[in-house]
1. Filter the range 75-90 down to residues that are of a type outside the set (A, V, I, L, M) and assigned to a loop (DSSP other than H, G, I, E, B), then give me how many there are.
2. Considering (1) open to solvent by 60 Å² or more (accessible area, probe 1.4 Å); (2) free of Cβ contacts under 8 Å to residues at least 24 places away in the same chain; (3) not β-branched (Val, Ile, Thr), say which one ARG41 fails and leave the rest.
3. Out of (1) on the phi < 0 side of the Ramachandran plot; (2) modelled with pLDDT of 95 or more, what's the single condition that is false for ARG9?
4. Can you name the residue in the range 11-38 that is of a type in the set (Gly, Ala, Ser) and in a loop (DSSP other than H, G, I, E, B) and, of all such residues, is least open to solvent (accessible area, probe 1.4 Å)?
5. What pairs come out if I take residues in the range 106-118 that are closer than 8 Å to ARG94 by Cβ and pair them with residues that are at pLDDT 90 or above and open to solvent by 100 Å² or more (accessible area, probe 1.4 Å) whose C-beta lies under 7 Å away, six or more apart or interchain?
6. Counting only residues that are at positive phi and among the aliphatic types (A, V, I, L, M), how many does the range 12-46 have?
7. Kindly list the number of the only condition in (1) in contact (Cβ under 8 Å) with a residue 40 or more places away in the chain; (2) surrounded by 20 or more Cβ atoms within 10 Å (Cβ to Cβ); (3) in contact with a helix residue (DSSP H, G or I) (Cβ under 9 Å, 6 or more places away or on another chain); (4) within 17 Å of ASP50 (Cβ to Cβ) that fails for GLU93.
8. Need the failing condition index for THR71 against (1) surrounded by fewer than 20 Cβ atoms within 10 Å (Cβ to Cβ); (2) among the polar types (S, T, N, Q); (3) modelled with pLDDT of 95 or more; (4) under 22 Å from PRO21 (Cα atoms), just the number.
Amino acid sequence: MPKLADLLRNGKLVEAHRPWPRVIVTAEAWHGIANELAGGRAILLGLWGDNVPAVHIAIMSEDTRQIAVVTIDCPSGSFPSVGAVHPPAIRLERAIFSLYGLEPVGAPDARPWLDLGFWDVRYPLGARSPAPATP
């Protein structure tokens, strides 16, 4: 399995991202990063979405303590689940789905986290759509 530093080197560096480097990776590298988290070789600092659409994960290497932000573009509205192999990411993925509508493929828990049917819109930070008639 490639080391975390190798996975990051293979990504596309986003110039002038501060204070930590950010790389855009493929689904394969995203899986590799999830496996590094699951194996205890990296620490999950954060996981969030945006309306580009993309999902970002902030990680810290266990051995070097270096921090990086990793991005996966989600043109199809989905991304590989990190929570499938690293359970601390599950609630963050559920929040990403509630807010942005980006689906974590392979997630062990697909229940809504923030949107419990009381909002007047679905995915308020992503591709907004009217809420269902019945919650």
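1. 6
2. Only one criterion is unmet by ARG41, namely (2).
3. Of the numbered conditions (1) on the phi < 0 side of the Ramachandran plot; (2) modelled with pLDDT of 95 or more, the odd one out for ARG9 is (2).
4. GLY11
5. These pairs meet every condition: TRP113/ARG91.
6. Total meeting the criteria: 1.
7. So GLU93 meets the others, but not (3).
8. In the conditions (1) surrounded by fewer than 20 Cβ atoms within 10 Å (Cβ to Cβ); (2) among the polar types (S, T, N, Q); (3) modelled with pLDDT of 95 or more; (4) under 22 Å from PRO21 (Cα atoms), THR71 misses (1) alone.
The values are calculated or read from the model by the stated rules, or taken from the named source; none is laboratory data. All values derive from a computational prediction rather than experimental measurement. Neighbour counts are summed over all protein chains in view; Cβ atoms, including those assigned to glycine, are modelled from backbone coordinates with ideal geometry. The accessibility values were calculated without ligands, DNA or RNA, using every heavy atom of the protein model including side chains. Shrake-Rupley method; radii C 1.70, N 1.55, O 1.52, S 1.80 Å.
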